[in-house]
Each structure stands twice: as C-alpha cells, then as structure tokens.
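A.B. asks: Before I ask anything, let me first share the structure, which is written out below as structure tokens.
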Amino acid sequence: MARQKLKTHRGAAKRFIRTKNGKVKRARAFARHLLTKKSAKRKRQYRSGAEVSAGEVRMIERLLPYG
C-alpha cells in the first residue's frame, strides 16, 4: 500500500523559495510602509532576498516537503 502524499504548507510556499544549492531564501522585512524616512540604500537592500537562518531551515523544510 502506498503512503499518503504530504501536503505543502501553502503559506510557507508563498514566502520561501529553495535555491539551486538547496538553501532557503526569504524576503526581507521593513520594506512595505514608512519608506520616506529610510535611505535609498536601505530600501534597495530590502529588495534583495536573504537566506533563512540555519536554526529555522529544518522547520521550513518540513513545511515544504517537495520544494
């Protein structure tokens, strides 16, 4: 008998992306509002994604079983 398929956590699927090397990437915070007081450099850095910290990778990989 075949095992049941695991469901992907849809909320996590919208927030995290697996890179080619198997790392997990996320968007940066603080880029949505109150942008007038932030410098152009700071706002530009928010555009690039960030790598998920090592302590949280295991939890996210459980939410994205087929990522």
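Here, each number is a calculation from the coordinates, and none is a lab measurement. Small disclaimer: the values here were computed from a predicted structure and weren't measured. Please note: Cβ atoms are built from the backbone with ideal geometry, for glycine as well, and neighbour counts cover all protein chains shown.
A.B. asks: With +1 assigned to the C-beta of every Lys and Arg and -1 to the C-beta of every Asp and Glu, and no other charges, what is the dipole magnitude of region 8-67 about the Cα centre in debye, to the nearest 20? Walk me through the numbers on the way to the answer.
C.D. replies: On the way: 19 positive and 3 negative charges, 88 e Å.
In total the dipole reaches around 420 debye.
A.B. asks: Whole-Hz Karplus ³J(HN,Hα) for region 20-35, in order, using 6.51 cos²θ - 1.76 cosθ + 1.60 and θ = phi - 60°, x for Gly and Pro?
C.D. replies: Whole-Hz 3J(HN,Hα) from phi for region 20-35: 4, 7, x, 7, 10, 10, 9, 7, 8, 8, 6, 10, 9, 8, 6, 8.
A.B. asks: Using 0.36 nm per residue, how much length does the chain from Arg15 to Arg3 gain when fully extended, once their Cα-Cα distance is taken away? It would help to have the intermediate numbers written out before the result.
C.D. replies: On the way: separation 12, 0.36 × 12 = 4.32 nm, distance 2.75 nm.
1.6 nm is the gain from fully extending Arg15 to Arg3.
A.B. asks: Let me ask another. Would you mind getting the Kirkwood hydrodynamic radius of region 10-63 from its Cα pairs, rounded to one decimal in Å?
C.D. replies: Values: mean 1/r = 0.0798 Å⁻¹.
Hydrodynamic radius (Kirkwood, Cα only) of region 10-63 equals 12.5 Å.
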